[in-house]
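A short write-up of the structure that comes next.
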Amino acid sequence: MEPKEKEQETKRTKKRKSARLFGRDLVPERKRSKIKKTRSSSPPLPPAPLPFPLLQAIHDMEGRDQVFVTTKILERSDTDAVQNRFFIPKSEVLWGVLTEEERTQVEGGGGVEAMVVDPRGWKYNLRLKKWVSLNKVVLNSGWRKLVEDNELMAEMDCVELWSFRADSKLCFALNVKRDQRFDGQRNGFLLHIIILLQSQSSTHLQITVEGGGGVEVMVVDPRGGKHDMRLKKWVSLNKIVLNSGWRKLVDGNDLKAELDCVELWSFRADSKLCFALNVKRQVQ
């Protein structure tokens, strides 16, 4: 091969290995994959400070060695009552806060007991374990109650997980950040419920709801399906909610945030408080 032909072949080879944009060489594909791998293994950035009730609970437990572990937007499987578990994203930080004995127990599949404190400072006894078949670490054995008590919503709530120790016991602090667009929609719905209560509820019912325990109600959806729920007040947030069954109504009627307008009517059946719920979907 002539020297000139060799030079042209060399140039063609270089063009295949690297590209140029605005006169600059771009990083070859092989180097990009190395950079991507490094980024994915880097520890997450610390989130905003924890809410006061959560910090107070940790203080009362004489918690120490507080470490931010990871953050995750909840998936549908994380809030599913049947599965009753929270998949923890892969995190080197998590394995770093475990003792050698705890790592062995988690890796073996048996797991270890852990105390989890929610944003309100409420405590839950859960289990940290590894599902060996799926190669994933979960918090379960009590996760369902935490989800229900905090009304956690898939694809709406972002969970921040911290670890700490209380008398050498492994504990987690769980902070929740909700999509503000969803909060705005929910507040409008709750206001409508409050108006109904003020005009159509008995004194006894108002006291029960205000106390936070709530009352059992029947909710009829647009298809005529009946749902047993609870009407109660979240005292810490000063908001009234329908829960303990609301998620099933949402799934069954395929309700969509920012598309569905909910109309709520109240009525009585044998003196029991009931609600009729109509849905009007906005045209996109």
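The values are calculated or read from the model by the stated rules, or taken from the named source; none is laboratory data. As the structure is a computational prediction, the values presented were derived from the model and not from experiment. All Cβ positions, glycine included, derive from the backbone under ideal geometry; neighbour counts span all protein chains shown. Accessible surface is based on the protein model in full, side chains and every heavy atom, while ligands, DNA and RNA are left aside. Shrake-Rupley method; radii C 1.70, N 1.55, O 1.52, S 1.80 Å.
Summary of computed values
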| item | result |
| --- | --- |
| Ile58, sole failed condition from (1) modelled with pLDDT under 90; (2) not in a loop (DSSP other than H, G, I, E, B) | (1) |
| Residue selected from region 241-256 under the condition touching an Asp or Glu at 6+ places or on another chain (Cβ under 9 Å) and within 18 Å of Glu216 (Cα to Cα), by the criterion surrounded by the most Cβ atoms within 10 Å (Cβ to Cβ) | Val241 |
| Criterion (touching a residue at least 12 places away in the same chain (Cβ under 8 Å) and surrounded by 16 or more Cβ atoms within 10 Å (Cβ to Cβ)) met by exactly one of Glu107, Glu92, Glu102 | Glu102 |
| Checking Arg85 against (1) in contact (Cβ under 8 Å) with a residue 40 or more places away in the chain; (2) out of contact with any Phe, Trp or Tyr (no Cβ under 9 Å at 6 or more places or on another chain), the condition it does not meet | (2) |
| Test: Asp65 is over 15 Å from Asp118 (Cα atoms) and open to solvent by less than 80 Å² (accessible area, probe 1.4 Å) | no |
| Residues of region 135-150 that turn out to be in contact with a strand residue (DSSP E or B) (Cβ under 6 Å, 6 or more places away or on another chain), open to solvent by less than 30 Å² (accessible area, probe 1.4 Å) and not in a strand (DSSP E or B), as a count | 3 |
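Here is a yes/no grid of residues against (1) under 28 Å from the mean Cα position of the chain (by Cα); (2) modelled with pLDDT under 85; (3) under 27 Å from Leu54 (Cβ atoms):
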| site | (1), (2), (3) |
| --- | --- |
| Glu210 | yes, yes, yes |
| Gly214 | yes, yes, yes |
| Ala257 | yes, yes, yes |
| Asp260 | yes, yes, no |
| Leu264 | yes, no, no |
| Leu277 | yes, no, no |
